[in-house]
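A quick write-up on the structure given underneath.
The values are calculated or read from the model by the stated rules, or taken from the named source; none is laboratory data. Keep in mind the model is a prediction, meaning the values are calculated, not measured. No Cβ is skipped: glycine too gets one built from the backbone with ideal geometry, and neighbour counts run over all protein chains shown. The accessibility values were calculated without ligands, DNA or RNA, using every heavy atom of the protein model including side chains. Shrake-Rupley method; radii C 1.70, N 1.55, O 1.52, S 1.80 Å.
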Amino acid sequence: MSADDLIIPVAVCVVVGILLAYFIVMKGPMRKLTISNPDGSKADVSVEIADNPVTRAKGLMGRDALPADEGMLFIFDQPGVHQFWMLNTSIPLDAIFMDEDGNVVDVVQMEPCGLLPSNCPRYAPKAPALFVLEVNQGFSIRHGVVVGSRASP
């Protein structure tokens with residue numbers, strides 16, 4: 001086999017490696033979200049948007065840390081009882097489920113479960129949601145986020 005015969009396979013491996021690194025490590029664009037609570041307090045969080053099947057499926061998988069006031073906002077096509085799991089996610093998270101108006105309908109604490117799907121419980125809201133905000137576990141308690149809070153851009 002000559003060096004010329006190796007160019008295409010090596011190039012394909014490099015491109016695949018770059019794409020994998022991008023999808024595993026890179027963050028998308030960030031946007032600011034403000035959560036207003038019934039007690040009058042507010043919390044600002046910078047969110048990465050997951051608004052298509054690929055970004056929603058990937059979520060925060062493979063990340064080792066999440067800054068304190070950052071999160072990922074999942075946007076679905078229609079309201080529903082969208083289930084989440086923590087497969088290959090090592091960060092304990094709060095899932096803040098919101099309806100189409102940004103009203104918080106449920107807050108659920110989620111625990112990492114490793115790499116085996118059989119070890120991963122499913123987390124679902126008590127009411128239909130269009131948006132789900134994942135933040136570090138404890139964020140909701142620290143910032144007073146409860147059912148009845150409201151998120152807005």
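Output the residues belonging to the stretch 50-62 that are surrounded by 16 or more Cβ atoms within 10 Å (Cβ to Cβ) and touching a Ser or Thr at 6+ places or on another chain (Cβ under 9 Å).
Gly59, Leu60
Can you tell me which residue within the stretch 117-146, out of those that are of a type in the set (A, V, I, L, M) and more than 21 Å from Asp64 (Cβ to Cβ), is most open to solvent (accessible area, probe 1.4 Å)?
Once the filter is applied, the top-ranked residue is Ile141.
Do you know which residues across the stretch 70-87 are without any contact (Cβ under 8 Å) to a residue 40 or more places away in the chain and surrounded by fewer than 19 Cβ atoms within 10 Å (Cβ to Cβ)?
Asp77, Trp85, Leu87
Any residue in the stretch 105-116 that is open to solvent by less than 50 Å² (accessible area, probe 1.4 Å) and among the polar types (S, T, N, Q)?
no
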